[in-house]
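Nothing in this text is a laboratory measurement; each read-out follows from the coordinates by a stated rule. The shown structure was predicted, so the numbers you read here are calculated from the model rather than taken from an experiment. Using ideal geometry, Cβ is built from the backbone for each residue, glycine included, and neighbour counts are taken over all protein chains shown.
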Amino acid sequence: MTPSLPTPTRLAPVSRQIDELRERADALEPPRSELHDYLEKVRVAASTITDDDVERLKQAGCSEDEIFEQTVGVAIREGLRRLDSAERAIG
């Protein structure tokens, strides 16, 4: 499980939901190697993902469900990483 920061007062009303998101994202199976470059692109430049990126993964044997689940998991983890970073910066 990804360690979380102590919940600041302003996030207290949603701390349970944040913890649940962490748990669900961390519970996903590790991605197969064919997904690694794609998932890095999701992490750092999600707006540049194209249909061709997804099509290449499908041609490599990844199912649409697998691509979707891994995409959502990475997006959640990256969003929470950014939230944690922002909380450290502003306290």
Inset, instruction - Could you tell me the convex hull volume per residue, in Å³, taken over the Cα atoms of the chain? - result: 105 Å³
Inset, instruction - Give a residue-ordered list of calculated ³J(HN,Hα) values for the range 68-78 (Karplus: 6.51 cos²θ - 1.76 cosθ + 1.60, θ = phi - 60°; whole Hz; x for Gly, Pro). - result: 4, 4, 5, 4, 5, x, 5, 5, 5, 4, 5
Legend entry - Two-site label geometry, Val72 and Asp26: point separation in nm, points 7 Å out along Cα→Cβ: 1.9 nm
Inset, instruction - Using just the helices of the chain, give the 222 nm mean residue ellipticity in deg cm²/dmol: DSSP H runs with n ≥ 4 each add -39,500 (n - 2.57), and the total is spread over all residues, rounded to 500. - result: -20500 deg cm²/dmol
Legend entry - Positive-end residue, the chain charge dipole about Cα centroid, Cβ charges, pick of Leu11, Gly61, Ala27: Leu11
Legend entry - From phi via Karplus (6.51, -1.76, 1.60), per-residue ³J(HN,Hα) for the range 34-43 in Hz, x at Gly/Pro: 4, 8, 4, 5, 4, 5, 5, 5, 4, 5
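For the chain, what relative contact order do you get, as a whole percent, if you take Cα pairs closer than 8 Å and at least 6 residues apart? Let's see the in-between values first.
Values: 49 pairs, mean separation 35.1, N = 91.
Dividing the mean separation by the residue count of the chain yields 39 percent.
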